[in-house]
1. Please tell me if residue A:295 is at pLDDT 85 or above, surrounded by fewer than 22 Cβ atoms within 10 Å (Cβ to Cβ), in a loop (DSSP other than H, G, I, E, B) and on the phi > 0 side of the Ramachandran plot.
2. Can you go through A:417, A:370, A:345 and tell me which one is within 25 Å of the chain's Cα centre (by Cα), among the aromatic types (Phe, Trp, Tyr) and surrounded by fewer than 22 Cβ atoms within 10 Å (Cβ to Cβ)?
3. Take the residues of the range B:165-219 that are of a type in the set (Ser, Thr, Tyr) and either in a helix (DSSP H, G or I) or on the phi < 0 side of the Ramachandran plot (or both): which is surrounded by the most Cβ atoms within 10 Å (Cβ to Cβ)?
4. With the requirement that a residue be over 14 Å from residue A:5 (Cβ atoms) and at pLDDT 90 or above, what does the range A:21-40 give you?
5. Does residue B:50 meet the test of being touching a Phe, Trp or Tyr at 6+ places or on another chain (Cβ under 8 Å), of a type in the set (S, T, N, Q) and crowded, with 18+ Cβ neighbours inside 10 Å?
6. For the range B:1-41, which positions are over 22 Å from residue B:65 (Cα atoms), of a type in the set (S, T, N, Q) and facing another protein chain (nearest Cβ under 9 Å)?
7. Restricting to the range A:107-149, name every residue that is touching a strand residue (DSSP E or B) at 6+ places or on another chain (Cβ under 6 Å), part of a loop (DSSP other than H, G, I, E, B) and more than 14 Å from chain B (Cβ to nearest Cβ).
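The values are calculated or read from the model by the stated rules, or taken from the named source; none is laboratory data. Fair warning: this is a prediction, and the values are worked out from it, not measured in the lab. Glycine also receives a Cβ, built like all others from the backbone with ideal geometry; neighbour counts cover every protein chain displayed.
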Amino acid sequence: MQVIGIHIGSSFAEVCLMRENSKGQLTQAGEPVYLYLPRQTLKSSLPKVLSDFKADAAFVTTQFLERLFDFRLGGSTAQVVTSGCENWPFLGSSASQRGWIHPTKTQPIAARELSFPVDERIDSAGRVITPLDETSLHPIAEKLKSSEIKRVCIHFLNAPANSAHQNQAAEFFKTQGFDVFVPPTCADLTEAHRWRRSTLEASFSGTFEEIRADLEKGLEGLLPTEAIFFRDRGNFQAPAKTSRVGSLFGLDEILVSHFPKATAVLDLGLESWRLVTRKKQSSWESPWGCIEAEGSTRFDLRCQPTSLLEKDSAGDVVIHPKKEGFEPGPLCFGRGQKFLVFDLFSEDLQQHGGVKQQMPESGVAKKEFFLTTLCRNSRTKDPAKLLKRLRSDVLESIAWDVQVHAEEGPLVIHGFFAPLLGAGLKELMPDREIILNDEASASLTAKAGRSHQS
Amino acid sequence: MIRFEAGLLAEDLSKDLHSWCWMVGGQLLRSHCLTGLEAGLLPHGIQIATQFFPLKKGDLVLLKDPQVGGPGRDRLALVQCFREPQGSNPGVFMASGFYAPTTLGMKLPPIPLRVNGEVNEAVMAALGPCEPRLRKEIASQDRIRDLAMKKAFQSLWTEKALAEETSREKRDMKEKISELPEGEISAELVCGKELIRVRLEVEDSQINFNFTGTTAGSIHALPLAATSGIVRSTVREWLGWPRALSAACASQMSMSTPTGCMLNAPSKNSCEEKLGTSASLLKAAVEAALHRWDRRVNRGLTNYFDAKAILQFADRAPFSISIPSGSAATDASEGQSFFDQRALGMGFSPEKLEASCPVLVEQVDERKETTAAKEKSTGGPGLVLSFRLLEPGKLYWENPPLYRVTGKKEQSALQSSEIEILRKGTAVSGNADGSFALEKGDIVTLRSGSGGGLV
């Protein structure tokens, strides 16, 4: 039995080829391969990576959140809402900064002009007050078709008490050829959270489908599409059945179940650093506001590989709360213009087969030059000392987040940066049992998939 | 350099709570509340609780009355001992306030709720429908205690570390204030027969507030602890500083508040009835002074008066509705309006309203009336909520007070919140005490006001 494990992020995809040994265990058939997606597509790169590897199945986890920030969500998603509440999804948005004087909203999740009121009403006990007249849906469908809108969310008040109207409208739009999304039922959360969840599900769909199509083309002729499985919060699924929002959490669930004795898993991935704990949560504070999303608790660390390093007013270079992306990326990638946390580790990473090809000599020289210039204008004049201090700040910041957010107990440090930062973190948290795991995420994905299949 | 400090830990661990306060060794470590009200009341609550009850680790005291540090009205607060004082290790205490609408009007003295691990179940039962919320708050506090007091953080809770932290903070805050313009400015807020007079002085890295000349309260009143929290929180929010208060805030932001005036009400006044409105009036007065002093950013007046109503039906707990007013405009941006901009954990939901009361929501929207003619930057529009009564009931409407402040001329007037009740198409007027007797089929429309614009 041979399988492929793939973890697809916003800018990188990690591919691991796995082979079953004589004891029936999956082992890596080679080093994991890292594809830099702005330059290498899955479609063109996967055939080269696989070469003559004959796989029986591919198991995929995704985490493409950053990619979604690049464009406004919901441009092609419509909402059909109980009349009188058609503006509620926009007024009930979460605050990204609360307060009296300068409150700010989270990013809009959908377009207001694509919210359509429908006369229907069900009360909190589930009694029908105003029946849904299906003929009122026809003009909406016509308008959506003429605007080439393909996805429709049905948001009716009190649908969890009686879903008759919701089902009727969903059926109507399905027969009209639309992709229909209905909110999940969750007793603890309000309609705002549920509606936001289904709108996100619909809005993520486009990006998910792009990834899926790219992947399927990359595996064309090597693997039938029925043998490709995506992991969402529940389990591995055929792509069509995978929850788009849930797929962002697939790896979290794999990590928690792969290390059953750990209180928390610190995932120091190539693109993002986060802490996943065993504690369950019913909601997720997404960049678009709180949504219904049950599963293990995830905390995104304050310091990320793409955190900006900048001089503060006192002349000290500090880790800035602002995060950049991998496009154009850190200075050492050659095209970036900003000094990022990733750059602090570029020397060590040059030895790493996975990303060294993304770091041309000119990029590394650029980083050195930038560091020297930064030193000239900051309080620490020696580049080596500054580098050492900033690396220690990164470790302290991570340790602080772990100590604050993880209950006492064993901690697993996993991911791309685990071999680089693990020892330092162990020193900073002497009271905690720390287990280092340098296995690639794609390898864990493959093992979880294989175990699910068997 | 990453700072490992008890204050930062307290902020990190408490960030999901609505209002919270940490006291260590009898000194304020951090307190926070969006309105500022409980940021001042909770430290007082911890002092009262520790003065009257010898709290041991894990013991809890329940607070309600604002004169003894409780949050009053429709809220409750819990004080917990995280660590008793032991030798050179100072005692660590935490308090948090939360929304408990069914306790509206309930009078409660401070009550020990958990002693030696035993919860007073009789008190729990007496609190009725808010019991699950109370248990949730206890669980949150217990989790925070376990995280804060674990071995890894023991070095942060020593007298030495805390003293160093406090002196560092005072130094930082002095530095920050020294960057602000110096000067002296006065402002007044008049509301009926009541007057709040503010003199703001910034000098020698110190901000001083003098409220001499403020009248005694006839309708509105605040305990001194509340005044302190509101003033300091408003200044910090205005300056864009982190809003949690610390001991440094008290030392670098002094206040002179004559005894007996409405901002330092004697304890015989309950203060509870108009606590929220009184807090909003004080914030508006402080902001009027800040507008005249800090002219770096041109901005409209903040509307601190949300549309507030309480619905009551037979055999049901009262339900309070609060619809936020729009936010103020600045030169750079127009104001916004959205429902969940202030109250963490008490956000409005049409389904929640219908599940709690026999009503049917007919409309949730933005107010369509323009806030003022020819505004350069418009304030955030108010919101509108309409619902139909399915059973007879009663509604209490908190009228926004008619007040006037000394502001800048380029600011437009605020639009205030309104209520409208229609019975078979005809408007119904309320009683003198602000209550309305409602009949089945009545349509109630609540509208919140706009934020200030710039003309």
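1. No; evaluated as a whole, the condition is false for this residue.
2. Details: A:417 fails: surrounded by fewer than 22 Cβ atoms within 10 Å (Cβ to Cβ); A:370 fails: within 25 Å of the chain's Cα centre (by Cα).
A:345 is the lone residue from the list that is within 25 Å of the chain's Cα centre (by Cα), among the aromatic types (Phe, Trp, Tyr) and surrounded by fewer than 22 Cβ atoms within 10 Å (Cβ to Cβ).
3. Looking at the filtered set, the residue picked out is B:214.
4. Listed by number, the list holds a single entry, A:36.
5. yes
6. none
7. Passing the criteria: A:110, A:149.
Here's the yes/no breakdown for (1) more than 20 Å from residue A:33 (Cβ to Cβ); (2) out of contact with any Phe, Trp or Tyr (no Cβ under 7 Å at 6 or more places or on another chain):
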{"site": "A:331", "(1), (2)": "yes, no"}
{"site": "A:334", "(1), (2)": "yes, yes"}
{"site": "A:337", "(1), (2)": "yes, yes"}
{"site": "A:341", "(1), (2)": "yes, yes"}
{"site": "A:351", "(1), (2)": "no, yes"}
{"site": "A:354", "(1), (2)": "no, no"}
{"site": "A:359", "(1), (2)": "no, no"}
{"site": "A:365", "(1), (2)": "yes, yes"}
{"site": "A:370", "(1), (2)": "yes, no"}
